[in-house]
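Structure first, commentary second.
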Amino acid sequence: MVLKLDVKDRKLLYELDRNARSSFSELARRTGVSKQVARYRLGELEKAGVIATYFAIINVARLGTTNRKAFIKLQNATEKQEQELLSWLEKNPNIVWLVSCDGQYDIAFGMRSVNIEKFTEQLEELDNKFGHLFLERQIAPIVRGQYFYRDYLVGKEAGTERELAFGSVPHGPKLDDYDWGILVALGKNGRLPVSEIARKIGLSPDATAKRLKRLEEGGAIRGYVLVLNNSVLGQLQYKVLIRLKSVTQKRYKTLVEFCRLHPNIFYIVKTFGVWEFEIDMEVPDAHAFRGIMRELKTKFSDIIRDYSYINIFKIHKYNFCPSKPEFEY
């Protein structure tokens, strides 16, 4: 059953997308309802499964790691074998993002590592266990990821003010166990109260709040957003994989700006390999997706060589910091 959202619900989701750690007082003020109503509405949205999770956008480079994505096309895999693969990936402490999809690939995931050697070891372990199920596997290193507001929730007139980005050049770990404890807690639930985080890591709430602020100001945490359960809302999520050609810096910036201002595009990735650019969007239906792609191809026909896409129908994991990584240099 598809859940229909009213204006207040959409505004509430929009404000949570702007800052998933907003207090109920802040959410009430921005959505024009009472604090009690904001709390009730959010509870109902969570109960209905509209919100898959809240997570902290953590600059993994600041943590001394980098992320690389893998896209897998399966062959002759039974449903049981596919579920075993998904379960293994979901439990893997180095997997930060995992989805099931239709289209060119069946499974996509993001894997963190401290260096290319470690990444290769992790990939070899995966291949040894499940490689016989793979028809095709592509690796896409993340050079830069950028998040934008979901302006479509409230209409184009909202305007996009934010750009949350993370890079790929490791700065090295300068965090103690308490800092890691905070990041792991927020990776699982970006709205977790400071008092709960403090209890988990064994510090006072005041000391925890100061450390959290330091992590935010130091760039380890870039923001807090939500992940929507699009199937409950009756909408679709597409990831477009674009091959570029003869791109000047000026034209690339124009492409990024187009994505930043489009209400349905909420995430882009600069990468390299089989393709160089990725766009994530949420749309009401396939017709809307085709319309956006038609506009994109028309405006950037001079730099888009080719593209493919996947329809992400289930998100299994979205956690930038599932555990403290083991650093091996």
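The values are calculated or read from the model by the stated rules, or taken from the named source; none is laboratory data. On a predicted model such as this, the values are computed, not experimentally measured, just so you know. Because the Cβ atoms are built from the backbone with ideal geometry, glycine has one as well, and the counts that use them run over all protein chains shown.
Could you check the stretch 264-292 and list, in sequence order, the residues that are over 13 Å from residue 145 (Cα atoms) and either among the aromatic types (Phe, Trp, Tyr) or modelled with pLDDT under 95 (or both)?
273, 274, 275, 289
When you check residue 74 against the structure, is it hydrophobic (A, V, I, L, M, F, W, C) and modelled with pLDDT of 90 or more, yes or no?
Taking the combined requirement at face value, the residue satisfies it.
Got a number for residues in the stretch 40-91 being surrounded by 15 or more Cβ atoms within 10 Å (Cβ to Cβ) and closer than 30 Å to residue 216 by Cα?
Matching residues across the stretch 40-91 total 25.
Step by step: first the residues of the stretch 113-125, then only those that are in a helix (DSSP H, G or I) and in contact (Cβ under 8 Å) with a residue 12 or more places away in the chain, then the one that is farthest from residue 70 (Cα to Cα). Which residue is that?
118
Can you tell me which residue among 116, 139, 95, 107 is more than 18 Å from the chain's Cα centre (by Cα) and β-branched (Val, Ile, Thr)?
Step by step, each of 116, 139, 95, 107 is checked, and only 116 is more than 18 Å from the chain's Cα centre (by Cα) and β-branched (Val, Ile, Thr).
Count, please, the residues in the stretch 272-325 that happen to be outside any strand (DSSP E or B) and either in contact (Cβ under 8 Å) with a residue 12 or more places away in the chain or crowded, with 17+ Cβ neighbours inside 10 Å (or both).
Qualifying residue count for the region: 24.
Among the residues of the stretch 245-302, which ones are more than 30 Å from residue 2 (Cβ to Cβ) and among the small types (Gly, Ala, Ser)?
246, 273, 301
Give the residues of the stretch 2-53 that are more than 24 Å from residue 318 (Cβ to Cβ) and outside any helix (DSSP H, G or I), sorted by residue number.
Within the stretch 2-53, 4, 6, 32, 33, 34 meet the criteria.
Does residue 77 qualify as being more than 18 Å from residue 274 (Cβ to Cβ) and either small (Gly, Ala, Ser) or part of a strand (DSSP E or B) (or both)?
yes
Kindly provide the set of residues from the stretch 82-112 that are assigned to a helix (DSSP H, G or I) and touching a residue at least 60 places away in the same chain (Cβ under 8 Å), ordered by number.
Correct list: 86, 89, 90.
Suppose we keep only residues that are touching a strand residue (DSSP E or B) at 6+ places or on another chain (Cβ under 9 Å) and of a type in the set (D, E, K, R) within the stretch 189-232. Which one would you say is farthest from residue 96 (Cα to Cα)?
216
With respect to residue 3, is the statement that it is over 21 Å from the mean Cα position of the chain (by Cα) and farther than 17 Å from residue 226 by Cα true?
Considered against the rule, which asks whether it is over 21 Å from the mean Cα position of the chain (by Cα) and farther than 17 Å from residue 226 by Cα, residue 3 comes out as yes.
Taking the condition of being among the aromatic types (Phe, Trp, Tyr) and either assigned to a helix (DSSP H, G or I) or under 17 Å from residue 255 (Cα atoms) (or both), how many residues in the stretch 134-148 meet it?
2
Within the stretch 255-271, which residues are in contact (Cβ under 8 Å) with a residue 24 or more places away in the chain and not in a strand (DSSP E or B)?
Within the stretch 255-271, 255, 256, 258, 259, 260, 261, 262, 263, 264 qualify.
From 70, 28, which residue is of a type outside the set (Phe, Trp, Tyr) and touching a residue at least 12 places away in the same chain (Cβ under 8 Å)?
70
Is at least one residue of the stretch 138-153 in contact with a Ser or Thr (Cβ under 8 Å, 6 or more places away or on another chain), buried (at least 21 other Cβ atoms within 10 Å of the Cβ) and among the aromatic types (Phe, Trp, Tyr)?
yes
Could you list, in sequence order, the residues of the stretch 126-137 that are over 12 Å from residue 75 (Cβ atoms) and crowded, with 16+ Cβ neighbours inside 10 Å?
Residue satisfying the conditions is 126 alone.
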